[in-house]
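Participant: Supplied in structure tokens, the structure appears directly below.
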Amino acid sequence: MSIVVWVDGSFVEPRERALSALDHGVTVGDGIFETCAVYGGQAFALTRHLRRLGRSAAGMGLPAPDEARIRDGVAQVLAAAGESAGRLRITVTGGFGPMGSGRDDGEETIVIAAGPASPGPTSRAVRSPWVRNERSAVAGLKTTSYAENVVALADAVARGGDEAILANTVGDLCEGTGANVLVEVGGELVTPPLSSGCLAGITRELLLEWAAEDGLPVREATLPFSVLDRLVPGPDGGASSGLGLALAGSVRNIQPVVSLDGVAVRAGELSLAARELFDRRRREHMDP
Ligand SMILES: Cc1ncc(COP(=O)(O)O)c(C=O)c1O
């Protein structure tokens, strides 16, 4: 399928120039966004994504996005995209603005786009040399200032991976460039707390809720980044048994990691069980 794009109420061609060159989202990354999976022409967990969009706007000091307008745009875009769309992106920026970081009272720009997606069932992760700043002014916000993620992901891809895993500034495990992480350790799947600086992922949040209901041991806890050393074989030849790593994110859902820094690692049993649980539960409700 091709990509369908809607900007402030009108459909535009994917490569058409449709924003002001001085849109503050373009000049300084002053914007927020959401990405949802799309199944059968409907956006998954749209209400939770719109709630987080509102939280990101508040955290950025941007006006609350016009939810009714966004829902209307989403319906139009998904209707035009048809059944084969796999992902939906909602971007809201500060609109036309000054050339520097200062803001004036520009009117928000809303861009909604739908396109294909073909997530793999597993992931090849690479440990990133860079860190997430858990004390950043925009920590935990889904802003369009994603340049750090672009660079970290490009580095991971250059090293044969499809996602980068980042520590935070104090050396704890944080997240990926577009995914939360879960480590299978001590018979539990453990995901870093939001205080690590990671995004409050919707997939992570749903997995925590569904796992609690289904009796799968998944919880939040701080882990040192060095926990990942135990995944790959050491000088004695064997990686610690019972350890595994998984990613959680919209579109990819839960992906057990099968290679770390180019070294094969086993997909953990709990990671596989979490993937199965998520796939089963997400089919029960489009907007849990
Ligand atoms: C930095 C970052 N962390 C985590 C996630 C996962 O969040 P979600 O499950 O809401 O897609 C994303 C999503 O793209 C992300 O960009």
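The values are calculated or read from the model by the stated rules, or taken from the named source; none is laboratory data. This structure is a prediction, so every number in the text was calculated from the model and none was measured. FYI the Cβ positions are ideal-geometry reconstructions off the backbone, even for glycines, and counts take in every protein chain you see.
Participant: Answer with yes or no whether Glu175 is buried (at least 24 other Cβ atoms within 10 Å of the Cβ) and either assigned to a loop (DSSP other than H, G, I, E, B) or assigned by TED's automatic domain parsing to the domain that holds Leu260 (or both). Give the derivation first.
Facilitator: Numbers: buried (at least 24 other Cβ atoms within 10 Å of the Cβ): yes; either assigned to a loop (DSSP other than H, G, I, E, B) or assigned by TED's automatic domain parsing to the domain that holds Leu260 (or both): yes.
Yes: the conditions hold for Glu175.
Participant: Next question. Condition first: within 13 Å of the ligand (Cβ to nearest atom) and of a type in the set (A, V, I, L, M, F, W, C). Can you find one or more residues in the range 118-128 that meet it?
Facilitator: no
Participant: Next question. I'm trying to understand the selection: among the residues of the range 1-50, which are among the hydroxyl-bearing types (Ser, Thr, Tyr) and either in contact with a Phe, Trp or Tyr (Cβ under 8 Å, 6 or more places away or on another chain) or free of Cβ contacts under 8 Å to residues at least 12 places away in the same chain (or both)? Steps first, please.
Facilitator: Step one: list which residues in the range 1-50 are among the hydroxyl-bearing types (Ser, Thr, Tyr), which gives 2, 10, 20, 27, 35, 39, 47.
Correct list: Ser10, Ser20.
Participant: Same structure, new question: Residues of the range 107-120 being among the small types (Gly, Ala, Ser) and surrounded by fewer than 20 Cβ atoms within 10 Å (Cβ to Cβ), which ones?
Facilitator: Kept after step one, since they are among the small types (Gly, Ala, Ser), are these residues of the range 107-120: 113-115, 117-118, 120.
Once the filter is applied, which keeps residues that are among the small types (Gly, Ala, Ser) and surrounded by fewer than 20 Cβ atoms within 10 Å (Cβ to Cβ), the range 107-120 yields Gly115, Ala117, Ser118, Gly120.
Participant: Report yes if Ala158 is closer than 26 Å to Thr93 by Cα and free of Cβ contacts under 8 Å to residues at least 24 places away in the same chain, otherwise no. Quick ask: steps written out before the conclusion?
Facilitator: Values: closer than 26 Å to Thr93 by Cα: no; free of Cβ contacts under 8 Å to residues at least 24 places away in the same chain: yes.
Against the criterion (closer than 26 Å to Thr93 by Cα and free of Cβ contacts under 8 Å to residues at least 24 places away in the same chain), Ala158 does not qualify.
Participant: Any idea which residue in the range 32-41 is surrounded by the fewest Cβ atoms within 10 Å (Cβ to Cβ), counting only those that are more than 10 Å from the ligand (Cβ to nearest atom) and farther than 17 Å from Arg69 by Cα?
Facilitator: In this case the residue turns out to be Gly40.
Participant: Continuing with this model, one more query. Restricting the range 192-233 to residues that are assigned to a loop (DSSP other than H, G, I, E, B) and within 17 Å of the chain's Cα centre (by Cα), which is farthest from the ligand (Cβ to nearest atom)? Even if it seems obvious, please write down each step before you answer.
Facilitator: From the range 192-233, those assigned to a loop (DSSP other than H, G, I, E, B) are 192-193, 197-201, 215-217, 221-223, 232-233; that's our starting set.
Next, from what is left, pick out any that are within 17 Å of the chain's Cα centre (by Cα): 192-193, 197-201.
Working: Pro192: 11, Pro193: 14, Gly197: 10, Cys198: 6, Leu199: 4, Ala200: 8, Gly201: 3 Å.
Looking at residues that are assigned to a loop (DSSP other than H, G, I, E, B) and within 17 Å of the chain's Cα centre (by Cα), I get Pro193.
Participant: Then there's this: Scan the range 139-155 and give yes if some residue there is under 18 Å from Gly268 (Cβ atoms), part of a strand (DSSP E or B) and within 13 Å of the ligand (Cβ to nearest atom), otherwise no.
Facilitator: Here is the first cut: in the range 139-155, the ones under 18 Å from Gly268 (Cβ atoms) are none.
No.
Participant: Separate question: Take Val131 and decide whether it is assigned to a strand (DSSP E or B), within 15 Å of the ligand (Cβ to nearest atom), farther than 23 Å from Thr27 by Cβ and at pLDDT 95 or above.
Facilitator: Values: assigned to a strand (DSSP E or B): yes; within 15 Å of the ligand (Cβ to nearest atom): yes; farther than 23 Å from Thr27 by Cβ: yes; at pLDDT 95 or above: yes.
For Val131, the condition - assigned to a strand (DSSP E or B), within 15 Å of the ligand (Cβ to nearest atom), farther than 23 Å from Thr27 by Cβ and at pLDDT 95 or above - is met.
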